[in-house]
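Before any comments, here is the structure.
The values are calculated or read from the model by the stated rules, or taken from the named source; none is laboratory data. Values in this document were obtained by computation on a predicted structure and should not be read as measured data. When we count neighbours, we look across all protein chains shown, and the Cβ atoms used for this are built from the backbone with ideal geometry, even at glycine.
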Amino acid sequence: MHGDVAWTMKETNDGALWVGTRMGLCRYDRKTKKAENYFNEESERMMIMHICVIDDRTFWMATSDQGFFKFDFIDRKVIAQYTTADGLSNDCVYRIEPDFEGNLWLSTNFGISKFNIENETFENYTLSDGLLNNEFNNGASHRMRNGTIIFGSSDGITLFHPEKMEKNPYPPSVILQKIKLHNKTVGIESQEPFTPVDTINPVKINSEKNEYTIPYDISFVKELHLDYTQNFLTLEFVALHYARPYHLADF
C-alpha cells in the first residue's frame, strides 16, 4: 500500500477494498491478496479523506486540498474533479454524504456544500446560515435512516434534514447608486424636492462645461435617454437582501 496512513476504506460490489491514504488511493484484491496503487506520481499525489460509494460503478473521493473526485472503479480512472473554481465552498473536503434526492453533501474547511450530481451545481452553507462552525472534521459524518445528515465540526455537530434546506426564492432589490458618463460621475442638478410624478417622464443627461447632470438621484430614474455621443456608460448598484446577504451571488 502506498502510504502508511489510511484515512478511509470502502468495499465495492466486486469485492475489492479501496483505501484512501495520505499519499493516494489503493485497491486491495482480497482474493489475490495484491494491492494496486493509484496517483503514484508526485504531481498526482493527494490525501484522500473519505470515499463514498453510491452506485455499482463509481465512488466519490474527498481530498485534503484538491476538492473531490468522481472515480470509475470498474475502469479504474478519474471521471471528474470539482474544486472552488466550480463552486465548491472549500478545496479541503472532509466527508461526503448522499441524500435521497440525488445530491451530495460535503463537509469542508469552510462550511457545507450541496452538490447536485445531475446538474453539477453547488449551494454553499456557512455560519451565516446557522452552522455552529465553518470548520468541520475528518471522520465525523453519518446519514440516518430517515435521511437526516450529521456532520461533526470543531464546535460540536451539525444536524439537518436535506429536504428542508431550501434555497431562498426571493431575489434581492437592485438599486442604482451612481452613474458615470465617459468615466465622470453624473451629478444632480438640484437638491430641490420632487414628486413621484416628476419621475414619470424620461430623463436626459445634460452636458455643460464638460460636466454631466440629471434632474434628480439616479435611483429614482425610471427611463434614461442617451444621444449617440453618450456611448460610454458605467452603472454602480447595490443588491439589498437581509435574509442571506452572503448568498447574493446565487441570484
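Between Ile79, Ile74, Ile51, which is part of a loop (DSSP other than H, G, I, E, B), β-branched (Val, Ile, Thr) and in contact with a Lys or Arg (Cβ under 6 Å, 6 or more places away or on another chain)?
Ile74
Among residues that are crowded, with 16+ Cβ neighbours inside 10 Å, at pLDDT below 95 and farther than 26 Å from Asp14 by Cα, Leu131 is included. When Ser154 is tested against the conditions (1) surrounded by fewer than 16 Cβ atoms within 10 Å (Cβ to Cβ); (2) touching a Lys or Arg at 6+ places or on another chain (Cβ under 9 Å), the lone failure is (2).
Scanning the stretch 27-53 for residues that are of a type in the set (A, V, I, L, M) and at pLDDT 90 or above returns Met47, Ile48, Met49, Ile51, Val53.
So is Arg76 out of contact with any Ser or Thr (no Cβ under 7 Å at 6 or more places or on another chain), more than 25 Å from Asn109 (Cβ to Cβ) and at pLDDT 90 or above or not? Yes: the conditions hold for Arg76. Exactly one of (1) closer than 27 Å to Met61 by Cα; (2) at pLDDT 85 or above; (3) surrounded by fewer than 13 Cβ atoms within 10 Å (Cβ to Cβ) is unmet by Glu166. Its number? Every condition holds for Glu166 apart from (2).
What are the residues in the stretch 115-151 that are in contact (Cβ under 8 Å) with a residue 40 or more places away in the chain and among the aliphatic types (A, V, I, L, M), if any? Correct list: Ala140, Ile149. There is at least one residue in the stretch 101-109 that is under 23 Å from Gly139 (Cα atoms), in a loop (DSSP other than H, G, I, E, B) and without any contact (Cβ under 8 Å) to a residue 40 or more places away in the chain.
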